[in-house]
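One structure below.
Every read-out reported here was derived from the displayed coordinates using simple, explicitly stated rules and does not represent laboratory data. Just so it is clear, the structure is predicted and the values come from calculations on it, not from any experiment. Please note: Cβ atoms are built from the backbone with ideal geometry, for glycine as well, and neighbour counts cover all protein chains shown.
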Amino acid sequence: MAINSMITWDSINKGSTTVLSNGNLSATTPSSSAKARCSVGKTSGKWYWEISFSGTFGNPLIGILNDYSNLNSNDTSSTYVRGYYVDGRKSPEWVTYGAKYISTDTISVLLDLDNGNLEFWKNGITQGVSHTNILTMGAVYPFVSSGQSSGDATVMTANFGASTFKYTPPTGYLPYAWEKVDKFLILKDEIAYGAIPSLPLIPILTSATGSNGSVISSGAYTSNWFAFDGDKSTVYTTNFVPSVGAPAYVGYKFNTPATVKRYEFLVGLIDFKLMASNDGVSWVTLDTRSNIPVNMTTVQSYIVPKASPYYYYKLETTKATSVRDWIQFNAVQFYDHTPVIITPTLEENDYSTYGFVKEDEIDLEKKHSHILIKTTKNSSVGSGKVFKHSISEKNTIKNVSIT
């Protein structure tokens, strides 16, 4: 396991007026109607993170939310949010919970998804368990917001574990950014090669036309660009029931060819395809799935088996939650991987941040002398251990797999 330094406040899924800085670890929200949400959600395990403050102090709310929370609305009285408010009350009940906190305080969040409990610390002192009913929320994400008065600008900085914590997490709790790593790097002439994952190819849209292309879709009841506006509470809805002869789809036409290596969506799809084209007429199927269990609460992510550059991409479906339903696309995004070179001195976090996964396609035309693999067998090898396997220069590497 390792710290994933890519776990930060989400630059895509956030309030439209939320401003991120400091490598997306600091967030400023202009009002309680805007939120900053972590880029990764959790459904199990025990997790710890800390929030500190700077700037002109306002009225922070710190806690967790789920996929149903509107990132552009003050829904902190809903069942989609659990939090600790600056005046000591808790959300969504808005009853007295703990001590008030100020700009010099550090708030720790203890998320127990094994038992369904949420707890907060103020400067290392527990305020008690705030909630015992969080398992009903589904996947949850750390979040912050600040209902600020005029002139206030609270900067809320998260430490998900990439830096040393101010206070020691209790036994059994892991840093929120702690992840299992099934990844590897390629080493040639003592230079390591990896990739930066999950670079979104489509910007947050406020219309059907973006800075690098435009939205394509089947018939629309609501605006098709809602699938790419960074707000999961707004949806692109079709105006017909899809069928094999008339599928529903939404996608993007890029101004220049783009290579999609991963795609994700929040839609309750049963059967779907990711398709690509260079002219919008002749389409090839890059990935196809069928009989998928209905999931309308969490974002689903899939690797593209054979990625090549295309102008057009679309997510197409003939069946969603019911054969009688119109389709609602809450969110869709396409991603690329950018190759990087890492310095010869390798750290454990390099594998989590830059490592290839087994589904990635890797250009192995050139000979490589070694492969470094991060093992997940922590009981026998231990966190932070890697092993290096030499490869004969006489043989061309055809593929790499992890088992």
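Full-extension gain between D105 and S214, please, as 0.36 nm times their residue separation minus the C-alpha to C-alpha distance. Intermediate results must be reported in sequence, preceding the final value.
Working: separation 109, 0.36 × 109 = 39.24 nm, distance 4.53 nm.
Answer, rounded to one decimal: 34.7 nm.
So how strong a dipole does the stretch 1-122 carry about its Cα centre when Lys and Arg Cβ are +1 and Asp and Glu Cβ are -1, to the nearest 20 debye?
Details: 10 positive and 10 negative charges, 24 e Å.
Rounded to the nearest 20 debye, it is 120 debye.
What's the FRET efficiency of T96 with T285 using the Cβ-Cβ distance as r and R₀ = 60 Å, to the nearest 0.05? If you can, show how the numbers build up before the last one.
Working: r = 57 Å, r/R0 = 0.95.
It comes out at approximately 0.60.
Quick one: if the Förster radius is 45 Å, what FRET efficiency do S16 and R89 give, using the C-beta to C-beta distance and rounding to 0.05? Spell out each step's value before the answer.
Numbers: r = 27 Å, r/R0 = 0.59.
Step by step, r from the Cβ atoms, then E = 0.95.
Place a point 7 Å from Cα of T171 in the direction of its Cβ. Which residues in the stretch 105-122 have their backbone N less than 19 Å from it?
Residues 110-115 qualify, since their backbone N sits under 19 Å from the label point.
Could you compute the net charge surrounding V215? Neighbours are other residues with a C-beta less than 12 Å from the C-beta of V215; K and R count +1, D and E count -1.
On the way: positive: K253, K314; negative: D229.
Local net charge: +1.
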